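Visitor: Please read through the structure below; I'll follow up with questions.
The values are calculated or read from the model by the stated rules, or taken from the named source; none is laboratory data. Keep in mind that what you see is a predicted model, and the values were worked out from it rather than measured. Cβ coordinates were reconstructed from backbone atoms using ideal geometry, including for glycine residues, and neighbour counts include every protein chain displayed. Note: areas computed on protein heavy atoms with side chains; ligands, DNA, RNA excluded. Shrake-Rupley method; radii C 1.70, N 1.55, O 1.52, S 1.80 Å.
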Amino acid sequence: MPWPTVGLVTDEISAYGRSGPTDPTLKRVRTRHFRRAKEAGTKITGLTSYDCLSAAIFDQAGIDFLLVGDSAGNAVFGYDTTLPVTIDELLPLTSAVVRATRRALVVADLPFGSYESGPDEALHTAIKFMKLTGCHAVKLEGGARSAKQIRRIVRAGIPVMAHIGFTPQSEHGLGGHIIQGRGRDGEADLIEDAKAVEDAGAFAVVIEMTPSAIAQKITAQLQIPTISVGAGPHCDGQLLVWTDWAGFTTGRVPKFVKRFANIGETLRDAAEAFRAEVESGEYPGPEHEYSDSPAS
Ligand code: KIV
């Protein structure tokens, strides 16, 4: 499949290369493209990814950035929340996504317990992800409370995507999956968080599960792009957890998720067909067999 000619960096002639992933002119999405997209009103697209196969597909489809999210806790490891996820669990997933992409900017999510103690710990963790995985940026949760960490990481030359609004690593502190930024105080706090992460040097900010109107106000007030995860249509970009978006997740998905595919049903149908064919003897057929002849 040829690499697409859509997305953030089309203004640079060889944004995707002319002949596919080995084209030496293939260009990587950079943080400067995020800023330029906001200025030009071009929407930014992001999906989570945790493996090389999905990453290659999303990359070829022109998705601008891939987040190796700690949502891997639910989507890969089967935890109930993202809290148990460790650095050691995320490192190999992040490396796999980096290896599979040529164009998308790959963002590594810093897991709970790897940056909250202070700027030194945060920088140490960010460097570990950059060095061991080859990712292009890191993401961490928290607005004003994480500003010192963001500033220290950015000063070391590492791009940071911030994350405000509903922050899943604080789900117990927040009292559950609750919409953030409602009411006058909620709105003021969220605006303060957004400004704090911009001042600290974040190149973009994810806003999760807030009313559209407040996300719109923040988007208008910030120079850096806002990326919505359930924060409405007025943000500069949209990000979804791929297993929710593709109908792979079992159980309830949040209201803001639109299902663009039904992978779960497709796989279940395939597994049932496989079982039926094995049981009936239909599979494997002659075309799937090796004979004694070396020519076949
Ligand atoms: O881990 C993740 O997937 C995330 C997004 C939901 C923003 O942090």
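Visitor: Has the stretch 227-238 got any residue that is more than 14 Å from the ligand (Cβ to nearest atom) and within 26 Å of residue 98 (Cα to Cα)?
Guide: Quick first cut of the stretch 227-238, residues more than 14 Å from the ligand (Cβ to nearest atom) only: 232-234, 236.
Okay, now just the ones that are also within 26 Å of residue 98 (Cα to Cα), so 236.
Yes, the stretch 227-238 contains a residue that is more than 14 Å from the ligand (Cβ to nearest atom) and within 26 Å of residue 98 (Cα to Cα).
Visitor: Now for a different question. Out of the residues in the stretch 150-171 that are away from the ligand (no atom under 16 Å from the Cβ) and not in a loop (DSSP other than H, G, I, E, B), state the one that is most open to solvent (accessible area, probe 1.4 Å).
Guide: Applying the filter and picking the extreme gives 155.
Yes or no, residue by residue, for (1) in contact with a helix residue (DSSP H, G or I) (Cβ under 9 Å, 6 or more places away or on another chain); (2) under 21 Å from residue 248 (Cα atoms):
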residue: 60; (1), (2): no, yes
residue: 75; (1), (2): yes, yes
residue: 83; (1), (2): yes, no
residue: 95; (1), (2): yes, no
residue: 115; (1), (2): yes, no
residue: 133; (1), (2): yes, no
residue: 145; (1), (2): yes, no
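Visitor: Follow-up. Does the stretch 250-266 hold any residues that are of a type outside the set (Gly, Ala, Ser) and either in contact (Cβ under 8 Å) with a residue 12 or more places away in the chain or surrounded by fewer than 11 Cβ atoms within 10 Å (Cβ to Cβ) (or both), and which are they? Outline the logic, then answer.
Guide: First, the residues of the stretch 250-266 that are of a type outside the set (Gly, Ala, Ser): 250, 252-260, 262-263, 265-266.
Once the filter is applied, which keeps residues that are of a type outside the set (Gly, Ala, Ser) and either in contact (Cβ under 8 Å) with a residue 12 or more places away in the chain or surrounded by fewer than 11 Cβ atoms within 10 Å (Cβ to Cβ) (or both), the stretch 250-266 yields 250, 252, 254, 255, 256, 257, 258, 259, 260, 262, 263, 265.
Visitor: Considering each residue of the stretch 246-259, count those that are within 11 Å of the ligand (Cβ to nearest atom) and touching a Phe, Trp or Tyr at 6+ places or on another chain (Cβ under 8 Å), and give that number.
Guide: If we filter the stretch 246-259 for residues that are within 11 Å of the ligand (Cβ to nearest atom), which is where we start, we get 254, 256-257.
Restricting the remaining residues to those that are touching a Phe, Trp or Tyr at 6+ places or on another chain (Cβ under 8 Å) gives 257.
Matching residues across the stretch 246-259 total 1.
Visitor: Moving on. Has the stretch 129-143 got any residue that is of a type in the set (Gly, Ala, Ser) and within 16 Å of the chain's Cα centre (by Cα)?
Guide: Initial filter on the stretch 129-143 (of a type in the set (Gly, Ala, Ser)): 134, 137, 142-143.
Retained after the next criterion (residues that are within 16 Å of the chain's Cα centre (by Cα)): 134, 137.
For the stretch 129-143, residues of a type in the set (Gly, Ala, Ser) and within 16 Å of the chain's Cα centre (by Cα): present.
Visitor: Right, next: Being open to solvent by 10 Å² or more (accessible area, probe 1.4 Å) and either in contact with a Phe, Trp or Tyr (Cβ under 7 Å, 6 or more places away or on another chain) or of a type in the set (Gly, Ala, Ser) (or both) is the filter here; which residues of the stretch 222-241 pass it?
Guide: Result: 230, 232.
Visitor: Based on what the data block shows, is residue 180 of a type outside the set (A, V, I, L, M, F, W, C) and either within 16 Å of the ligand (Cβ to nearest atom) or buried (at least 24 other Cβ atoms within 10 Å of the Cβ) (or both)?
Guide: Working: of a type outside the set (A, V, I, L, M, F, W, C): yes; either within 16 Å of the ligand (Cβ to nearest atom) or buried (at least 24 other Cβ atoms within 10 Å of the Cβ) (or both): yes.
Answer is yes for this residue.
Visitor: Look at residue 285 and say whether it is open to solvent by 40 Å² or more (accessible area, probe 1.4 Å) and more than 23 Å from the chain's Cα centre (by Cα).
Guide: The answer is no for residue 285.
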